[in-house]
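Chemist: Pasting a structure below so you can have a look.
FYI, it's all coordinate maths here, none of it is from the lab. As the structure is a computational prediction, the values presented were derived from the model and not from experiment. Quick reminder, even Gly has a Cβ in these numbers, built from the backbone with ideal geometry, and neighbours come from all protein chains shown.
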Amino acid sequence: FRCEREYKQAAMAEGRVMLHAQIGYRDLEKSRKAWAEVHAAVAKAGGTLDRYGICLDWSMGYPSDERAGRPQGTGLILNDEEEWRSLTDSGPVAPHFGDFVLGMPAAVENSLLALAAGATSIGNLGQYFTFHLPGWRNDIATTEATLEALALLAARPEGILIHSNLDDGFAAIFCDLASALGAALLERYIVEDLLGGRIAHCYGHSFSDPLTRLAFQRALAREARNPGTMIYGNTVAYRGAGETNYAAMATYLTIDALGQTLQPSGHALNPVPITEAERIPDIEEIIAAQLFALRLLEPTPTLQRLISLEEADRLTDKIITGAEQFYRNVIAGLQKAGIDTENAFELLLSLRRIGAKQLEELFGPGEPSDTEPRGRCALVKASTISELESRARDASAQLNKDERDALTLAAPKICIGSSDVHEYGKMMVENLCHTLGIDVIDAGVHAEPADFAETARRNEADAIVISTYNGIALDYFEKLQSELIAKDSKIPILIGGRLNQIPKDSNSSLPRDVTGDLEALGAIPCPDLVHFARRLAEIAMNGAS
């Protein structure tokens, strides 16, 4: 096949469900080893691994001549074309460079290297709208690089799939699944109608409800002009450690397999290892997840006969109708504001600067409501929002009377921000604070430590709350603490999320837990929502005394 798009079309015609694995250790040789070993293990079991997603480090998003001294995460760092090629030469699996290529200041150079390495599926356009690299504030240069890279990929004769993970863009923040699909329609308009490329979408991280997960797949299948890339595992459903997370994996894989059998959309299934709830999975754990998925696929043809699609298709119709309305609302609203919506640069930059929350407030398809998030009744509420509300209620109910009274009496004011683009943990804390009547100061996502500290100081916050993801917890805390010390501020800092980091002097590409290090520096680590609420109550009690 000339490209992955043609490969996927052939698999869809055969009725074959495809598999995707995500790899990308900091160490290149370990990544190459994984590339070979995971493919070989699946083949030995009688299956086919169709594609790999490569977890590039976020520092790869900076222009190559500016990477020195920039903060690093836990992903793979490729230094030259030979290293890009050596990775993708390690096994007969389609390479998918999904993150930190498009949407980044280094979009053009990274796209060229991905092409040279044989990739015909390149992303992640979704990150353009929500992800800001630490210390990089030039969104004009980012937009220029992204637009040039999109035009380059659109012009390639192979038919490159321009990948966008909706969960890394606006979809994870929208309250309405109709708005989430509407974002896909906006991206399709920019990539295909304005630039002549081929867009391919991914989703799945935060789609926890089986019914709406299936309905969204069917809606996306009806609207798409190209095969999708992959359906990501519902990692939000992984809670804590241990084999109980296999229940969540089995749930989303079953729905995704049925979706691809009943209405193929070309998405490969991504069985995420259960250890991702705690850390980056090792090679053996990726293999275990793939073999689990392979076995789970076997009864899919029989399961089809048990499924009624009436309710799913009712939701599918609502999602599509609302998505088309959202798309029209956005285009009309931007035109009214003087934006040239036929100019891809203006349109991209406008959407990025407006942001997901304001877009849904202004243009969402639901009826206005004073009591609902974003001021609108969702046509089909995103399961992320429902789950956040439920977890906030559960955590609030676990507090005792003294803890509740302390929070009510002290009425602490917290300043909350996320160290990166991932907003789920931040939204979860905000929901709990709303339930408890606690005042919240929003420092935003990918909050720069200096800005975070100044926002907290200026608003006289009683506590700072950090939500963080993989690989930067210690570095980020140290920078924020330094900024507070420079401002002579002693605001307590609570931090939750993935509290890990790759040690600077380590030969391993896997991060280690840094909870103890954070505590030694004065942080208050919070492993869960209830723990956070209780520690905040302690701060309130101490302040009152």
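Chemist: Provide the gained length on full extension for the span Ala10 to Arg404, in nm with one decimal, where the gain is 0.36 nm per separating residue minus the Cα-Cα distance. All intermediate terms of the calculation are to be shown ahead of the outcome.
Modeler: Working: separation 394, 0.36 × 394 = 141.84 nm, distance 5.92 nm.
Additional length available on full extension: 135.9 nm.
Chemist: Ranked highest first by average number of other Cβ atoms within 10 Å, how do 156-164, 433-441 line up? Provide the component values of the computation, followed by the final result.
Modeler: Details: 156-164: 21.0, 433-441: 17.2.
Those peptides, ordered most packed to least, come out 156-164, 433-441.
Chemist: Another one. Among the lysines, select those whose C-alpha is under 25 Å from the C-alpha of Lys413, and discard any that sit fewer than 8 residues away in the same chain.
Modeler: The reachable lysines, counting only those whose Cα sits under 25 Å from Lys413, are Lys357, Lys401, Lys426, Lys479, Lys487, Lys490.
Chemist: How much length would be gained if the chain were fully extended between Leu362 and Glu478, taking 0.36 nm per residue of separation minus their Cα-Cα distance, in nm to one decimal? Mind showing how you got there, number by number?
Modeler: Numbers: separation 116, 0.36 × 116 = 41.76 nm, distance 3.80 nm.
Length gained, Leu362 through Glu478: 38.0 nm.
Chemist: Using the beta-carbon distance between Glu460 and Ser386 and R0 = 35 Å, what value does 1/(1 + (r/R0)^6) give for FRET efficiency, to the nearest 0.05?
Modeler: 0.55
Chemist: Helix 4-14 versus the longest principal axis of the chain: what is the Cα-based angle in degrees, 0 to 90, to the nearest 10?
Modeler: Helix 4-14 sits roughly 70 degrees off the main axis of the chain.
Chemist: With a cut-off of 8 Å between alpha carbons and a minimum separation of six or more residues, what is the relative contact order of the range 176-226 in percent? Display every interim value, and only then the final one.
Modeler: Details: 21 pairs, mean separation 19.4, N = 51.
Reported relative contact order: 38 percent.
Chemist: To the nearest 10 degrees, how steeply does helix 383-397 sit against the main Cα axis of the chain, on a 0 to 90 scale?
Modeler: Tilt relative to the chain: about 30 degrees.
Chemist: For the ranges 364-377, 170-183, what's the packing order if you count other beta-carbon atoms within 10 Å of each residue, average per peptide, and put the highest first?
Modeler: Packing order, densest peptide first, comes out as 170-183, 364-377.
Chemist: Based on the Cβ-Cβ distance from Arg137 to Ala247, what FRET efficiency comes out when R0 is 35 Å, to the nearest 0.05?
Modeler: 0.20
Chemist: Relative to the present Cα-Cα distance, how much length would full extension add between Arg156 and Thr254 at 0.36 nm per residue of separation? Don't jump to the answer; show the numbers that get you there.
Modeler: On the way: separation 98, 0.36 × 98 = 35.28 nm, distance 3.59 nm.
Between Arg156 and Thr254, full extension yields an extra 31.7 nm.
Chemist: Give me the aspartates and glutamates in straight-line cross-link reach of Lys318: C-alpha distance below 14 Å, same-chain residues under 8 apart excluded.
Modeler: Within the straight-line cut-off, Lys318 pairs with Asp176, Glu223, Glu310, Glu367.
Chemist: Starting from 0 in steps of 10 Å, tell me what percent of the Cα-Cα pairs of the chain lands in each bin.
Modeler: 4, 18, 29, 28, 16, 4, 0, 0
Chemist: Is it possible to state the helix-based mean residue ellipticity at 222 nm for the chain, with each DSSP H run of 4+ residues giving -39500 (n - 2.57), the sum divided by total residues, to the nearest 500 deg cm²/dmol? What is it? Please list the in-between numbers first.
Modeler: Values: 21 runs with 263 residues, N = 545.
Theoretical 222 nm ellipticity from helices: -15000 deg cm²/dmol.
Chemist: Based on DSSP, what percent of beta bridges with both residues in the chain are antiparallel, to the nearest 5? If you can, show how the numbers build up before the last one.
Modeler: Working: 4 of 41 bridges.
DSSP beta bridges in the chain are roughly 10 percent antiparallel.
Chemist: Leaving out same-chain residues fewer than 8 places away, which lysines sit with a Cα under 26 Å from that of Lys30?
Modeler: Lys30 reaches Lys44, Lys504.
Chemist: May I pose another question? With a/c under 1.5 counting as rounded, go ahead and sort the range 226-292 into rounded, prolate or oblate using the C-alpha gyration tensor (a ≥ b ≥ c being the square roots of the eigenvalues; past the cut-off, prolate if a/b is larger than b/c, else oblate). It would help to have the intermediate numbers written out before the result.
Modeler: Values: a/c = 2.26, a/b = 1.83, b/c = 1.24.
Prolate, because a/c is 1.5 or more and a/b exceeds b/c.
Chemist: Highest mean first, what order results for 350-359, 194-203 on Cβ atoms within 10 Å?
Modeler: On the way: 350-359: 17.9, 194-203: 24.0.
Output ranking for 350-359, 194-203: 194-203, 350-359.
Chemist: Nothing charged except the Cβ atoms of Lys and Arg (+1) and of Asp and Glu (-1): what's the magnitude of the dipole of the range 6-162 about its Cα centre? Round to the nearest 20 debye.
Modeler: 500 debye
Chemist: Which FRET efficiency, nearest 0.05, do Ala43 and Met541 yield, Cβ-Cβ r, R0 60 Å? Can you show the working numbers first?
Modeler: Working: r = 60 Å, r/R0 = 0.99.
Plugging the Cβ-Cβ distance into 1/(1 + (r/R0)^6) gives 0.50.
Chemist: Can you pull the one-decimal nm distance between simple spin-label points at Ile485 and Ile307, each 7 Å off the Cα toward Cβ?
Modeler: Using points 7 Å along Cα→Cβ, the separation is 5.6 nm.
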